[in-house]
1. Criterion first (within 19 Å of the chain's Cα centre (by Cα) and of a type in the set (S, T, N, Q)) does residue 92 satisfy it?
2. Restricting attention to segment 64-80, does a residue exist that is closer than 29 Å to residue 22 by Cα and touching a Lys or Arg at 6+ places or on another chain (Cβ under 6 Å)?
3. Is it the case that residue 35 is at pLDDT below 90 and open to solvent by 50 Å² or more (accessible area, probe 1.4 Å)?
4. Do the conditions hold for residue 72, that is, is it at pLDDT below 90, open to solvent by less than 40 Å² (accessible area, probe 1.4 Å) and of a type in the set (Gly, Ala, Ser)?
5. Condition first: assigned to a strand (DSSP E or B) and open to solvent by less than 10 Å² (accessible area, probe 1.4 Å). Now tell me which residues in segment 282-311 satisfy that.
6. Please go through segment 256-267 and pick out each residue that is assigned to a strand (DSSP E or B) and not polar (S, T, N, Q).
7. How many residues, within segment 36-62, are at negative phi and in contact (Cβ under 8 Å) with a residue 40 or more places away in the chain?
8. Could you go through segment 104-123 and let me know if any residue there is in contact (Cβ under 8 Å) with a residue 40 or more places away in the chain, aliphatic (A, V, I, L, M) and open to solvent by 50 Å² or more (accessible area, probe 1.4 Å).
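The values are calculated or read from the model by the stated rules, or taken from the named source; none is laboratory data. Not measured: the values here are computed from a predicted model. Note that each Cβ is placed from the backbone with ideal geometry, even for glycine, and that neighbours are counted across all protein chains shown. Just so you know, the surface numbers come from the protein's heavy atoms only, side chains and all, with ligands and any DNA or RNA stripped out. Shrake-Rupley method; radii C 1.70, N 1.55, O 1.52, S 1.80 Å.
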Amino acid sequence: MLRAIYSDLRTTYEALKEGFDNVTWTEGCDYVGDGKNDFDGAMSAAKDADVVIMALGGRNGWGLHCNSGEGADTTDIGLPGCQEELLRHVYSVNQNMVLVHTDCRPIVSEWIYEHVPAVLEAWLPCTYGGIAIAETIIGENNPGGRLQVDVPRTSAHGPLGHYLNRGSDHESFAKGAINKQGYLEVDMRPRFPFGHGLSYTTFCYDGFKVQMDSQGQVTAEVRVTNTGNRKGDEVVQLYGIDPIASIIRPAEELVGFKRITLEPGESKTVRFTFNLDIMAFYDNPGHWIVEAGEFEFYVGRSSKERIESGKVRMDKTREIDHARRCLVAEAVCA
């Protein structure tokens, strides 16, 4: 049906086949169940390949044919069926591998991230996703996406959230713990934090500064330079911290972000503007306030990669109109 509507639709396999002379495909196994349909065929094809592209994941929707979505709950958020077993078998004969994952949730597998050289998290790529995936694998696209969730190490690794002061990933837990790792079997920190994402190029941040006027209007800016040899996108992320308050505040909050495109060697300055009431909270008497004290802001490539930071100070607590408070910083680049 989709092909009747979109005549130029391509699967990842079809898109790769148009650009390369010798591309083969085998199913290996179904996306659910324990049936090892063609483990031997997959291993045989992989053994003679220059590069193996493993396409794994689930089917999101409604009904028993789906393994995620409405009415499709599971106790394990790892790869469904025997997909990881297939992956390990194929990896044993050819380690030059790119794993392409499509699903409504990220891959949760310590073994995969420790062994597979490259993982492309494609989520639910929709109609033209196959073409975009193929172009990204061969380098025509330079990926610039960022994780909108923290990726746990195991299905039991929760609650997980970069903003949680007492979440299973946060440093505040480890400071008072006998076991600094958090769990006996595995590190408590997320495998990848909120905002994480890699690129085919590299970026440098410098010159970060933040200042606030008498009305609580804050300006934060930083210069970003593409230090690699490829054109690419960087997502500049600004986070805020209220370290000491009358109630427990988030460990950090995403204040704003800006995606920018830079040529090799090019620099741009990203400027965020917002009111400090973005850090307001609902106090015990029932008022929205910005509490007096020091606030820290930092820029980074993810919630856990703090590159440069600065502070501002509010000398007097002020009550604010919550219906008009700032919710996200305005971001521009020059």
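1. Numbers: within 19 Å of the chain's Cα centre (by Cα): no; of a type in the set (S, T, N, Q): yes.
No; evaluated as a whole, the condition is false for this residue.
2. Looking only at segment 64-80, we keep the residues that are closer than 29 Å to residue 22 by Cα, and these are 79.
If we keep only those that are touching a Lys or Arg at 6+ places or on another chain (Cβ under 6 Å) too, we end up with none.
No - not one qualifying residue is present in segment 64-80.
3. Values: at pLDDT below 90: yes; open to solvent by 50 Å² or more (accessible area, probe 1.4 Å): no.
Answer is no for this residue.
4. Details: at pLDDT below 90: yes; open to solvent by less than 40 Å² (accessible area, probe 1.4 Å): yes; of a type in the set (Gly, Ala, Ser): yes.
Against the criterion (at pLDDT below 90, open to solvent by less than 40 Å² (accessible area, probe 1.4 Å) and of a type in the set (Gly, Ala, Ser)), residue 72 qualifies.
5. Within segment 282-311, 290, 295, 297, 298, 299, 300, 302 meet the criteria.
6. Once the filter is applied, which keeps residues that are assigned to a strand (DSSP E or B) and not polar (S, T, N, Q), segment 256-267 yields 256, 257, 258, 259, 260, 262.
7. Of the residues in that region, 16 qualify.
8. No.
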